[in-house]
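Take a look at the structure set out below.
Throughout, read-outs are computed from the coordinates displayed, never taken from laboratory work. These figures come from a predicted structure and were not determined experimentally. Cβ atoms come from the backbone with ideal geometry, glycine included; neighbour counts cover every protein chain shown.
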């Protein structure tokens, strides 16, 4: 039988030395709220950068080409996503995936055509 994954944020143990079911449920709810908030902020910034991409970076169709490459890479990497999560674990895979979005957002600070 598979063991349950430990929550990201753990409360102080009760006097018996083990976590109660209510504490574990509260910790899982807190984990979901933290993860949801992180996704909200990352994808809000990504959505703004994506909209800005095609309107500001019109020289040599830089915005359209970069979004095309981005979505092509999403398609190709989705084939190996399950294996990456198995190898790295869910937390590291989430950090790795989010770093790609952050790099894309940061690249719009100084757009350049290579």
Quiz item: Given a Förster distance of 22 angstrom, what is the FRET efficiency for residue 71 paired with residue 106, based on the Cβ-Cβ distance and rounded to 0.05?
Solution: 0.75
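Calculate the FRET efficiency for residue 55 and residue 99 from the Cβ-Cβ distance with a Förster distance of 25 Å, rounded to the nearest 0.05.
0.50
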Quiz item: When the Cα centres of region 76-106 and region 30-69 are compared, how far apart do they sit, in Å?
Solution: 16 Å
